[in-house]
1. If you build a Gaussian network model of chain A, linking Cα atoms that sit under 10 Å apart, which residue out of A:Ala21, A:Ala54, A:Ala40 swings the most?
2. Report, for A:Lys101, each distance to the same residue's label point in the other copies, shortest first and in nm; define the point 7 Å along Cα→Cβ.
3. Enter the Cα centre distance for the pair the stretch A:80-96 and the stretch B:62-121, rounded to the nearest angstrom.
4. Hey, in the GNM for chain A with a 10 angstrom Cα cutoff, which one of A:Thr89, A:Thr17, A:Thr59 fluctuates hardest?
5. Among B:Leu99, B:Trp109, B:Ile62, whose Cα sits farthest toward the positive end of the charge dipole of chain B (+1 at Cβ of Lys/Arg, -1 at Cβ of Asp/Glu, about the Cα centre)?
6. If the only charges are +1 at each Lys and Arg Cβ and -1 at each Asp and Glu Cβ, what is the size of the charge dipole of the stretch B:13-126 around the Cα centre, to the nearest 20 debye?
7. Add -39500 (n - 2.57) for each DSSP H run of 4 or more in chain B, then divide by its residues: what number comes out at 222 nm, to the nearest 500 deg cm²/dmol?
8. List the equivalent ellipsoid semi-axes of the protein assembly as shown in whole Å, largest first, each obtained as the square root of 5λ for an eigenvalue λ of the Cα gyration tensor.
2 protein chains.
Amino acid sequence: METGADKIIHTKETCNTDVTAVRDTLYVLNGKWKLPIMIALTGSPKRFNEIQRALEDITPKILSKELRELELNEFLVRKVSSTVPVSITYELTPYSKSLEKVLEELKNWGIEHRERIIASRRKPAA
Amino acid sequence: METGADKIIHTKETCNTDVTAVRDTLYVLNGKWKLPIMIALTGSPKRFNEIQRALEDITPKILSKELRELELNEFLVRKVSSTVPVSITYELTPYSKSLEKVLEELKNWGIEHRERIIASRRKPAA
DNA sequence: GATACCACTATCCTTTAGGATAGTAGTATA
DNA sequence: TATACTACTATCCTAAAGGATAGTGGTATC
């Protein structure tokens with residue numbers, strides 16, 4: 001029965017759905033260490049202390065927590081090889097690749113945004 | 001001079017650049033209110049109290065802070081119209097549209113991730 | 001026996017995000 | 001004069017993220 005307002009694309013419900021979906025994604029990517037850890041593991045699996053050394057200033061407590069969360073989200077697997085002594089490696093899953101497009105867009109926008117800020121510092125508000 | 005390792009796409013430097021770019025983007029999108037506020041403003045500009053009512057449980061302190069940050073990032077402008085009394089409206093900028101592709105990818109991935117989690121609850125680990 | 005590497009865990013502390021509650025200065029309305 | 005609306009600011013508080021520092025139980029090496 002409502003007239004006009006044809007331009008409004010979203011109802012309150014679809015908005016909430018969209019916000020929730022975006023926030024789900026932001027949630028799994030956020031924090032200081034998730035991306036660096038995943039990057040550290042691209043190419044080859046690594047052991048706990050190897051990752052710690054690659055990241056330089058992460059503490060074992062934080063690394064342990066982040067690895068657990070990444071494993072829960074199925075971005076990596078913890079593999080125990082029964083040598084003596086056991087050696088434990090962390091390895092990215094194929095599923096972690098599903099983030100590629102998202103990360104690409106986030107990266108591109110970040111680069112453009114930074115360029116824009118720098119440019120607007122050079123010639124401030126017209 | 002280095003042999004082999006042709007598969008390694010990133011040097012330590014390009015990784016850091018990429019991580020920084022992604023984090024820049026995550027930074028401007030993050031927090032509880034930035035997206036809801038921008039969505040509230042799509043379609044038409046709104047006044048402070050109108051936004052507050054649309055978002056239902058945001059406090060004026062938080063809203064004020066978020067609006068300032070969104071303005072700094074040039075996602076919106078604060079317009080003062082010199083009527084008596086003055087009325088102040090907040091309006092999305094054309095630049096805010098540059099986020100569209102990013103938000104689309106974040107949304108799609110969020111939806112797929114949620115579906116995957118629900119599916120894996122139905123038939124747990126094979 | 002001492003030291004060192006591995007993969008962590010435990011405890012405490014600081015910083016940041018976000019919220020609750022109250023107040024302010026101005027205008028308008030009853 | 002009292003009430004209410006607009007656009008905020010100020011003060012205090014809580015919860016979560018993240019970090020510093022130390023310790024644990026095992027194996028291996030000197």
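None of the figures in this text is laboratory data; all of them are computed from the coordinates on show. Worth saying up front: this structure is predicted, and the values here are computed from it rather than measured. FYI the Cβ positions are ideal-geometry reconstructions off the backbone, even for glycines, and counts take in every protein chain you see.
1. Comparing A:Ala21, A:Ala54, A:Ala40 in the GNM, the peak value goes to A:Ala21.
2. Inter-copy label distances (nm, one decimal, shortest first): 1.3.
3. Each part reduced to its Cα centre gives a spacing of 41 Å.
4. Of A:Thr89, A:Thr17, A:Thr59, the Gaussian network model singles out A:Thr17 as fluctuating most.
5. So the residue furthest toward the plus end is B:Ile62.
6. Numbers: 19 positive and 16 negative charges, 102 e Å.
For this selection, approximately 500 debye.
7. On the way: 5 runs with 70 residues, N = 126.
So the calculated ellipticity at 222 nm is -18000 deg cm²/dmol.
8. On the way: eigenvalues 331, 105, 50 Å².
Whole-Å semi-axes of the equivalent ellipsoid: 41, 23, 16.
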